[in-house]
Each structure stands twice: as structure tokens, then as C-alpha cells.
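Contents: one structure, followed by commentary.
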Amino acid sequence: MKLLVIGSGGREHALAWRLAKTPGLVKVFVAPGNAGTARENGLQNVPLSSPQELADFAQRENVRLTVVGPEAPLAAGIVNLFRARGLTIFGPTREAAQLESSKDFAKRFMLRHNIPTARFASFSERAAAHAYVDEQGAPIVVKADGLAAGKGVVVASNLAEAHAAIDQMLPPAELEATRDGSVARVVIEEFLDGEEASFIVMADGRNVLPLASSQDHKRIGDGDTGPNTGGMGAYSPAPVVTPEVHARAMREIILPTVRGMAADGIPYTGFLYAGLMVGRDGSVKTVEFNCRLGDPETQPIMMRLQSDLLNLLEHAVAGRLNLVEASWDRRVALGVVLAAANYPAAPRTGDPISGLPGNSNDSHVFHAGTSEKTDGRIMTAGGRVLCVTTLAENVRQAQKRAYDLITRIHFDGMQYRRDIGHRAASR
């Protein structure tokens, strides 16, 4: 039996690693993979990236199931292509993936189906956007409409920051006529106060299976300071997602979303990530939707998963998620991202990595932006390079274990947050 995981990041490394534990599995292909997946038992990298090449490969190798990791292939319609060729794949279609690929689509969808979210307005012209910000005041949130790898969001604490974000995301009026026909757009939202959490489920078009709760750390600096990134670390479970918050998220956000997509004629299958803002009163609002697993949330979630992941996925593609449950390690999992020099602006690549520790039942170093030279050296090859992930009885023990491992690892310019899990540890 052969499986295929599409992607090259830490999320895909964790997915493939967990799938490789399936009893009787022959091989998990990872396309294109990274230096970590190249060295992992049961995994094999394949240097493919185009949807057509991937579909040809899946057909040629008689791949039983393909799992899509990142958002770009989903937005490009890889699920549509695979299904048209009779290939089994888990992920949303191009049309359903608009929940992530267009923030304007997502906001209008939520408004139409009464899903709680921040007040918003969308703009394609700078002047109108600037006028709206002046009218609303700050703090305020400015989001690029399309895919931005988790970094197209500016939480502006003052009007100057908001206006600068608009100028960065929207072209000047004189360039409007010279673009290739696509329309740049920003979504401007009210600022929501509260604590964010990641609420991720599997959906089969009708049924939903919640995964373990988690919490990401988006800002580059300790104490949640500095610019947004793709994610500097995460832990699971997230104490802020109490049983009451979990029930509200399912009742008010997740189930209405899956039902709403079906009612709109675009049934949603795949991983669905709702970024929640949990208010002090326990209320929940939707910050954003992602149409795939979060990164780095996937790493601690996969460390805690005790169920057979392939079994869950096969129930999902068969439309039978109502017949299966997921079991979880009761311990806390925590992952700390090690990022390259100059991340998130213009990350440096090509720095050799040394001191990588061996993996164990309670710790795993998942690779993201890495490559392997012919002489065996592992090099930095992206902004987020590694995610050091550990399991322990509580958050503080998981922190200690992760940061102890990090002291062994080195590459020039390595940067990381030293407070991953601080919200949970302070409870």
C-alpha cells in the first residue's frame, strides 16, 4: 500500500511521519519533501510539484490515497484534477478552498450564513480603503485578500500602521489598468479582543470529526511582539478551548460552515481550520478559515494522535466520519520553530545545520525549510527551518524538554521564541 503527501514543510513531515506508522503500510511518498522526510523511515521524497505530474505519479504508482498539505495546490484545483482522473485525494476542491484563498469570499460566506466574525469591509481602491480606516479608527486589522502564507495580516495599533498596510497591499491607482486582469483587494476588519486558538476538524462534506485543540504563536518576538509570521510555535491542547468553548465553536462556526457550503452547492471535504477569537465571556468569533492543517499546529497535534491516521482519512473520503473517533495522548505536546536569519522579511538560506538530536517517543524534530547536500550536510532552505516538538506531562515540562534540545542545534542566524506556551503555562 502506498500513500502520497503533497508538500515540503513541517506540516507535511509530521503528516507523513504519522502515516508511516500505519500497520502494513509499504511506503509514504512526499512530494517534494525536505531533508527530514528524506531521512525518515518509511518515507521517500519525489521531486514533483505540478498537479499534472503528481496525478500522473499517483496513477503510475497505484497510490491508495493522496493528502494535500499546503494551500496553494488546493487553490489551484489539484483536488478537482485528481477526482476527474478517478484518484482518491483528501482536500477541498478549488471552489471550496476559496474559504482560504479569498478572505472576501470567506467573510461574505460567514455573513450570509450567520457565522460569528468581525465586522468588515472590502476594498480594491486605495482611496476608499484609506477613508474607511480614518472613519473607523484604530486598532484595526488589514488583510490581503489572497493567499499570503499566513503573513498577509497587519494588526494595526494606530492609523499610520493601517495606512501603510493598505499602501503595501493595494497598487496605486495609476497601476490599476496595467495589471494582468486580477484585482488586488484588502479586507479591513474590526479589531477583536480576546485569546486566539486553532480549531481544526476533518470534514467529509456532511460529517465532522474535531481534532485536538491547539494554539499558535504568530508574532516573531517574545511576548507576542513584532510582525506576523507563518507561526513560531504551537502547543496542544489549548486550555482556552474549554468544553463550553468547544461546544460553541462546533455549534456556531464549524457545523454552520459545513452545512452552509453544502447548501451553496460546494460541499466541503478536507481539513478545515477555524482561527477562533475567544472572548473573556466565552464567546467565539471566526478570525479566519484555512483549508488545511495549520503549521506549526500539525506537529504537536500529530505527536498526540494515537489513532490510525489512515483509518480516519479513509473514513473521511468515504463520507463516513460519523462512524469513527480519534483518540489522543493525554499529555501536552509543544513545538518551537527555529527560523532562518531575516525571517519573516527576506529569510537567508544556505546555512549548514549542526547538532540535530535523535528522535524519540517523546520528541521529534520536524523539518520544514531544509535541504540535503550530496555530502550529507543539511542546510537551511526556507524561512521556518525546523520545529522541535516534545511530549510531556504539562506545558512547563514540555517547554523545558524542547528548549533543552534546541541548545544542541545551531545554524547561523537561527532565531526562535523563548516563550512558546506562555499563555497555557500562566494559567
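General remarks:
- Global geometry of region 322-427, whether rounded, prolate or oblate, following the gyration tensor of its Cα atoms and the 1.5 cut on a/c: prolate
- Relative contact order (%) - criterion: Cα under 8 Å, at least six apart; region: the chain: 16 percent
- Using alpha carbons only, the radius of gyration of the chain set against its Kirkwood radius gives Rg/Rh = 0.95.
- Cα gyration tensor category, rounded, prolate or oblate, for region 254-353 with a/c compared to 1.5: prolate
- Once the convex hull of all Cα atoms in region 4-50 is built, its volume per residue stands at 56 Å³.
- Accessible area per residue for region 298-427 is 43 Å², calculated with a 1.4 Å probe on protein heavy atoms, without ligands, DNA or RNA.
- Average Cα contact separation per residue, region 320-403, under 8 Å, 6 or more apart, as relative contact order %: 38 percent
- Which of Gln415, Ala392, His367, positive extreme of dipole for region 364-427 (C-beta unit charges): Ala392
- Apportionment of accessible area to carbon and sulfur, region 191-334, percent (1.4 Å): 49 percent
- Stretching the chain fully between Asp264 and Arg396 yields a gain of 43.0 nm (0.36 nm per residue, less the alpha carbon separation).
- Region 1-142 - percent relative contact order, Cα under 8 Å, separation 6 or more: 18 percent
- Region 78-128 versus region 317-336: alpha-carbon centroid distance in Å: 25 Å
- Taking every lysine pair in region 1-147 that is 8 or more places apart or spans two chains, those with Cα atoms closer than 26 Å amount to 4.
- With the convex hull drawn over the C-alpha atoms of region 195-336, the volume per residue is 109 Å³.
The values are calculated or read from the model by the stated rules, or taken from the named source; none is laboratory data. It should be emphasised that the depicted structure is a prediction, and the values quoted were computed from it without experimental measurement. Note that each Cβ is placed from the backbone with ideal geometry, even for glycine, and that neighbours are counted across all protein chains shown. Ligands, DNA and RNA are excluded from the accessible area calculation, which covers all protein heavy atoms including side chains. Shrake-Rupley method; radii C 1.70, N 1.55, O 1.52, S 1.80 Å.
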